Amino acid sequence: MNETCDCAIIGAGFTGATLAAGLAQLGLRVIVIEARAPLAVTAGDTPDQRGLALAHASWKILSALGMWQPLAAEVTPIRSIHITERGRFGVTTLTAEDAGVDAMGYVCPALRLATVTERHLQDLAGVTRLAPARVTALELQPEGRRLVVEHGGQTCEISAKLVVAADGVDSATRDLLGIGAAVHDYQRSAVVANVSVARPQAFTAFERFDTAGPVALLPLGGRRYVSIWTMATSAASAMQAMPGDDYTQRLNEFFGTRLGTISEPGPRQVYPLRLVRANEIAAPRAVLIGNAANTVHPNASQGLNLGLRDVAALLEAVAVHGMQDAGCSDVIDVWREQRLPDHQATVRFSDTLARLFASDLAIAGLARHAVMLGVTAIPALKAKLVRNAMGLGGRPPRLARGARLIR
Ligand SMILES: Cc1cc2nc3c(=O)[nH]c(=O)nc-3n(C[C@H](O)[C@H](O)[C@H](O)COP(=O)(O)OP(=O)(O)OC[C@H]3O[C@@H](n4cnc5c(N)ncnc54)[C@H](O)[C@@H]3O)c2cc1C
């Protein structure tokens, strides 16, 4: 096969699949190259247990692209977020009411989101999906990039005006483009498990900080919550291996009694945590989106939300400047300028939280307390935090604000 297309997307995860949907809506020809076989869950694998908090802005983006409808019945709105610090009095509550909206975001089972995005991709006109497939070369040419792709035991060539790296934290496309990345290993891992609580509080998410934590509980509906407990990597595998009742006993001791007894844990999954930042987010006729550009600590539930804003901004740049040539320098320059401030602010926020709340130093303890007090006492600070949590900080792309792609 020798094919041409407007855009080749490498990686059909959440961001790659969403971008494909948006470009197809613009009438562009897209080829998606994904390493995994469709809906690949090999025997013995535990399906993704995470519940992903999708911010208000992400809801707007997915709605505009027709991907929200099949999810709507399975998401749980977040109307308030309770933030506490273990060992100190006081609670900070961020509410949707503060922002004048119905929900600050929604918790969506990750497995469901993966199924819906994949099905959506299969049905799109103008989109070809190659999977399992791998790109082995990515050569720059005057009017695009030439990709050499291994697929189904054969080698094919694709000419694309724009190449998008959406292949996640260890992006091979980033390497093929000659772009390095700065990596910080937090030496911490997130242990994820679905649990039941005795006294659920509807539509409320909880974040409890501690130098040995934090732990977040996101509502999945009824008595079920997804717990995301961050701890030293050295402790995480023991937490995963211990009997379920021992695990919930520790979680109860750590989280306290706000939701009553925590019980009925599902399978536990462990995610080692790293901050990975590409040294550049664009190259001639290529951009990096989602985790390939920035992989952040999940403490503030920002990673996918940031990636979906990458997608929305790229669709906007293509709609305005790139309908004839999706990879022209105007598209790339406009997109890069739009994205850098959001990347910097989001990375700084989650990284500061990670370091501040992992430190035993007294000064860090004071700083934590000041943050909590400040958020409680200063309405402007609280409003800013709420806007950020909703994905509306800074200068959000048009789709994230519920506007049409083109004015
Ligand atoms: C514990 C935890 C909880 C989280 N909770 C939240 C949350 O509540 N809210 C939030 O916004 N974010 C959250 N995140 C972050 C979120 O999961 C990621 O930011 C998001 O999944 C990134 O999407 P992506 O499409 O960029 O990358 P990925 O989801 O990693 O997708 C990459 C895709 O590329 C494919 N691929 C890889 N290599 C190749 C290759 N060489 N060639 C072709 N294809 C390839 C992969 O198979 C995959 O399909 C969480 C993360 C963790 C670890």
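The values are calculated or read from the model by the stated rules, or taken from the named source; none is laboratory data. Quantities reported herein were computed from a predicted structural model and do not represent experimental measurements. Here the Cβ is made from the backbone with ideal geometry for all residues, glycine too, and neighbour counts use every protein chain on show.
Observations on the model:
- The numbered conditions (1) surrounded by fewer than 22 Cβ atoms within 10 Å (Cβ to Cβ); (2) at pLDDT 95 or above; (3) near the ligand (Cβ under 9 Å from one of its atoms) are all true for residue 27 except (3).
- Checklist (1) in contact (Cβ under 8 Å) with a residue 60 or more places away in the chain; (2) under 27 Å from residue 207 (Cβ atoms); (3) outside any helix (DSSP H, G or I) applied to residue 147, failing item: (2)
- One residue stands out among those in the stretch 261-303 that are within 12 Å of the ligand (Cβ to nearest atom) and small (Gly, Ala, Ser): the one that is farthest from residue 57 (Cα to Cα), which is 278.
- First in the stretch 104-123 and among the aromatic types (Phe, Trp, Tyr), second anywhere and assigned to a strand (DSSP E or B), Cβ under 8 Å, 6 or more apart: 106/53; 106/54; 106/76; 106/77; 106/78
- Scope the stretch 112-144; condition assigned to a strand (DSSP E or B), out of contact with any Lys or Arg (no Cβ under 7 Å at 6 or more places or on another chain) and more than 13 Å from the ligand (Cβ to nearest atom); matching residues: 127, 128, 141
- The condition of being touching a His at 6+ places or on another chain (Cβ under 6 Å), acidic (Asp, Glu) and more than 14 Å from the ligand (Cβ to nearest atom) holds for residue 330.
- Within the stretch 304-314, considering residues that are farther than 24 Å from residue 144 by Cβ and more than 6 Å from the ligand (Cβ to nearest atom), the one farthest from the chain's Cα centre (by Cα): 309
- Qualifying residue in the stretch 292-300 (condition: buried (at least 16 other Cβ atoms within 10 Å of the Cβ), part of a strand (DSSP E or B) and either touching a residue at least 40 places away in the same chain (Cβ under 8 Å) or in contact with a His (Cβ under 9 Å, 6 or more places away or on another chain) (or both)): yes
- Screening residue 367 against (1) at pLDDT 65 or above; (2) farther than 21 Å from residue 281 by Cβ; (3) not β-branched (Val, Ile, Thr) leaves a single unmet condition, (1).
- The number of residues in the stretch 170-188 that are within 12 Å of the ligand (Cβ to nearest atom) and part of a loop (DSSP other than H, G, I, E, B) comes to 2.
- Residue 200 in a loop (DSSP other than H, G, I, E, B), under 16 Å from residue 82 (Cα atoms) and modelled with pLDDT of 95 or more: yes
- Close pairs (7 angstrom Cβ cut-off, 6 or more residues apart or separate chains): over 12 Å from residue 272 (Cβ atoms) and among the hydroxyl-bearing types (Ser, Thr, Tyr) in the stretch 182-211, assigned to a strand (DSSP E or B) and at pLDDT below 95 anywhere: 204/80; 204/82
- Within the stretch 52-69, the set of residues being surrounded by fewer than 18 Cβ atoms within 10 Å (Cβ to Cβ) and in contact with a Ser or Thr (Cβ under 9 Å, 6 or more places away or on another chain) comprises just one member, 69.
- Residue count, the stretch 102-129 (criterion: among the aliphatic types (A, V, I, L, M), modelled with pLDDT under 95 and farther than 30 Å from residue 81 by Cα): 3
- Yes/no for residue 73 being more than 16 Å from the ligand (Cβ to nearest atom), at pLDDT 90 or above and assigned to a helix (DSSP H, G or I): yes
- The listed residues are 226, 195, 191, 215, and the only one of them that is within 16 Å of the ligand (Cβ to nearest atom) and touching a Gly at 6+ places or on another chain (Cβ under 7 Å) turns out to be 226.
- Residue satisfying all of: in the stretch 78-99; modelled with pLDDT of 85 or more and more than 14 Å from the ligand (Cβ to nearest atom); surrounded by the fewest Cβ atoms within 10 Å (Cβ to Cβ) among these: 97
- Those residues of the stretch 1-20 which are more than 10 Å from the ligand (Cβ to nearest atom) and modelled with pLDDT of 95 or more, in sequence order: 4, 5, 6, 7, 8, 20
- For the stretch 89-105, a residue qualifies if it is touching a helix residue (DSSP H, G or I) at 6+ places or on another chain (Cβ under 6 Å) and not in a loop (DSSP other than H, G, I, E, B), and the qualifying residues are 92, 94, 98, 99, 105.
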